[in-house]
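Below you'll find the structure, written out as structure tokens, and then a few comments.
The values are calculated or read from the model by the stated rules, or taken from the named source; none is laboratory data. All figures in this text were calculated on a predicted structure; none of them were measured in a lab. Cβ sites come from the backbone with ideal geometry, for glycine too, and all protein chains shown count toward neighbours. These accessible areas exclude ligands, DNA and RNA; they are computed on the full protein's heavy atoms, side chains included. Shrake-Rupley method; radii C 1.70, N 1.55, O 1.52, S 1.80 Å.
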Amino acid sequence: MKFSEQLIEEIRPIWRANHAHPFVQGIGHGTLEPEKFRHYMIQDYLYLIQYAKVFAIGIQKARDLDVMTRLSASVHHTLSIEMALHRKYAERFGISEQEMREAKEAPTTIAYTRYMLSEAQNGSLAHVIAAILPCAWSYLEIGRELAQIPGAVDHPLYGDWVRMYSEPAFEHSAQDMIDLMDELAADLTGDELAHIKEIFLQTTRFEYLFWEMGNTISHWPQELQADKISSI
């Protein structure tokens, strides 16, 4: 069994909980309330900015040009292709470019992205890939599964999202990171592999929390909003 397959099998119930989340299923069946998706898209836009930085850390830690090139391709896909989808949805929802730039990260967005950045900055290239892998891999599986739901790819609001994460370009990008994880794990043993599994578990959990954040439209409590802060 490949190391990547072990990662999934050891946390299978948690992994599948992401796929079954009401927010995810609401996208596939076209029943998700638009205001929830709007909140998610803004937060995911902010998430992708930090996500791309994690890949960039991987480029710095890579020891050969081939790996640097593969990670650079993932940065391009994130910043050019996925971000384009978010800007397209922003236009549909009447969200201005300024609003997107000035949007504030929700607590879950901060916790998730800063955990990834911390593990990436303080660890090896394998830590970098373990941190980003649950996002790439679960979106690949979710995109494939939702695309099988009748009408999902043609839904007037969510169809573009389903198509994005079920198309060959995204599959290639995600699969390359899965393969890279297996390549890197081949040189690791003992405590190193255990830590990789821990990172993968934690970011899988954060994936669930991110879906939950979208589903509940959660942000900082009103009492903690910036406009409540008095100047000192």
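If the Cβ limit is 7 Å and pairs must be 6+ apart or interchain, which residue in the range 28-52 that is free of Cβ contacts under 8 Å to residues at least 60 places away in the same chain pairs with which residue that is open to solvent by 40 Å² or more (accessible area, probe 1.4 Å) and part of a helix (DSSP H, G or I)?
A52/L79
When you scan the range 15-107 for helices (runs of 4 or more DSSP H) that lie fully inside it, which ones turn up with 1 or more residues that are crowded, with 18+ Cβ neighbours inside 10 Å and of a type outside the set (S, T, Y)? Please lay out each step first, then the result.
Details: elements: 22-29, 34-61, 65-76, 83-92, 97-102.
Correct list: 22-29, 34-61, 65-76, 83-92.
Taking the range 1-14, which residues are of a type in the set (K, R) and part of a helix (DSSP H, G or I)?
Of the residues in the range 1-14, the ones of a type in the set (K, R) are 2, 12.
Of everything in the range 1-14, just one residue is of a type in the set (K, R) and part of a helix (DSSP H, G or I), namely R12.
Condition (residue is in contact with a Ser or Thr (Cβ under 7 Å, 6 or more places away or on another chain), within 30 Å of L65 (Cβ to Cβ), modelled with pLDDT of 95 or more and of a type in the set (G, A, S)) applied to the range 115-134: is it met by at least one residue?
Within the range 115-134, one or more residues are in contact with a Ser or Thr (Cβ under 7 Å, 6 or more places away or on another chain), within 30 Å of L65 (Cβ to Cβ), modelled with pLDDT of 95 or more and of a type in the set (G, A, S).
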